[in-house]
Amino acid sequence: MKLNFQKKAAEQMCADAEIFYQQIKKRRSVREFKPDPIPDEIIENCLLSAGTAPNGANLQPWHFCVIKSQEVKSELRAAAEVHEHKFYNGGVPEEWTDTLKHLNTNESKPFLEIAPVLIAIFQKASTHDHEGIERKCYYAKESIGIATGMLITALHQSGLATLTHTPSPMNFLNKILDRPSSEKPFLLLIVGYPTDDCEVPDIEKHGIESIRTYH
Ligand SMILES: Cc1cc2nc3c(=O)[nH]c(=O)nc-3n(C[C@H](O)[C@H](O)[C@H](O)COP(=O)(O)O)c2cc1C
């Protein structure tokens, strides 16, 4: 099929790139959420956006579990905190926990119960192609990373805050969410509105000179 590509004027492109940067740089990882509900329609459209991501051989190696049930959220919090307790109490090399000190995070994860929506993202080892043939997914991690980035961006653009959460290990997600062992938990996204007095770590992003070279 023919691509429907409409070239924009250079000035428009420059303006759009600047506007997008100004919007996306406001995204921050939030750890204090309000319980206010989110319209399902927003979540559905953001997941559809994630599903447009480029991916290896178009095998789309992802599955998204949207969790709204209070009971399931409480179960996930309890399971995550068991792992987080180990993590913060000698379960991983000190070098790792040292890198997190400036974020002031700890084993307590109330946001897992408070935020209105959690999205557990699973990476599939194989999926069915357009002819229904089961195919091993290549570049699955790269693909799901791109889709997750697009999901976070879509949620941000919709006016929502997120936290990328990776309790380690994450196998409890398969059990609680009834996903097959062939699916690997990729990460857990916490989605909602920040509290009115929400604080975020005072961190900086690298400037352009240190993240790019021209050749
Ligand atoms: C793959 C990945 C895993 C992360 N895991 C956690 C986590 O388990 N807990 C947490 O509080 N933050 C987690 N974060 C959030 C990072 O700490 C955060 O993105 C980083 O400090 C930069 O802050 P910013 O997102 O506000 O720009 C994770 C981020 C990524 C990309």
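Values in this text are rule-based calculations from the coordinates and carry no lab data. Predicted model, so just to flag it, every value in this text is computed and none were measured. Cβ sites come from the backbone with ideal geometry, for glycine too, and all protein chains shown count toward neighbours.
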Legend entry - Dipole magnitude of region 36-194 about its Cα centre (Cβ charges: Lys, Arg +1; Asp, Glu -1), debye to nearest 20: 240 debye
Inset, instruction - Within region 44-133, report the GluC sites (Glu not before Pro) that DSSP leaves as loop and that have at most 12 other Cβ atoms within 10 Å. - result: GLU131
Legend entry - Convex hull volume per residue in cubic angstrom - Cα atoms of region 36-194: 126 Å³
Inset, instruction - Compute the length gained on full extension between ARG28 and GLN70: take 0.36 nm times their separation in residues and subtract their Cα-Cα distance, giving the result in nm to one decimal. - result: 12.6 nm
Legend entry - Two-site FRET efficiency, LYS2 against THR195, from Cβ-Cβ distance with R₀ of 41 Å, rounded to 0.05: 0.25
Inset, instruction - Rounding to the nearest 20 debye, state how big the charge dipole of region 108-215 is about its Cα centre with +1 on each Lys and Arg Cβ and -1 on each Asp and Glu Cβ. - result: 500 debye
Inset, instruction - Pull up the DSSP beta bridges for the chain and report the antiparallel fraction as a percent, rounded to 5. - result: 95 percent
Inset, instruction - Work from the charge dipole of the chain (Cβ charges, +1 for Lys and Arg, -1 for Asp and Glu, about the Cα centre) and give the residue of ILE152, SER126, HIS206 farthest towards its positive end. - result: SER126
Legend entry - Set of lysines near LYS141 by C-alpha distance (under 23 Å), chain-local residues within fewer than 8 positions excluded: LYS124, LYS175, LYS184
Legend entry - Additional length obtainable on full extension of the chain from ASN58 to HIS128, 0.36 nm per residue less Cα span: 24.2 nm
Legend entry - Selected from SER29, THR166, PRO185, residue furthest toward positive end of dipole (the chain; charges at beta carbon): PRO185
Inset, instruction - Please report how far the C-alpha centroid of region 113-166 lies from that of region 6-56, rounded to the nearest whole angstrom. - result: 14 Å
Inset, instruction - Would you pull out the residues with amide H under 5 Å of TRP62's amide H, same chain only if 5 or more places away, H placed 1.01 Å from N? - result: LYS124
Inset, instruction - Could you sort 19-32, 160-173, 134-147 so that the peptide with the highest average Cβ count within 10 Å comes first and the rest follow in order? - result: 160-173, 134-147, 19-32
Legend entry - CD proxy at 222 nm, helix term only [per DSSP H run n ≥ 4: -39500 (n - 2.57); per residue of the chain; nearest 500]: -11500 deg cm²/dmol
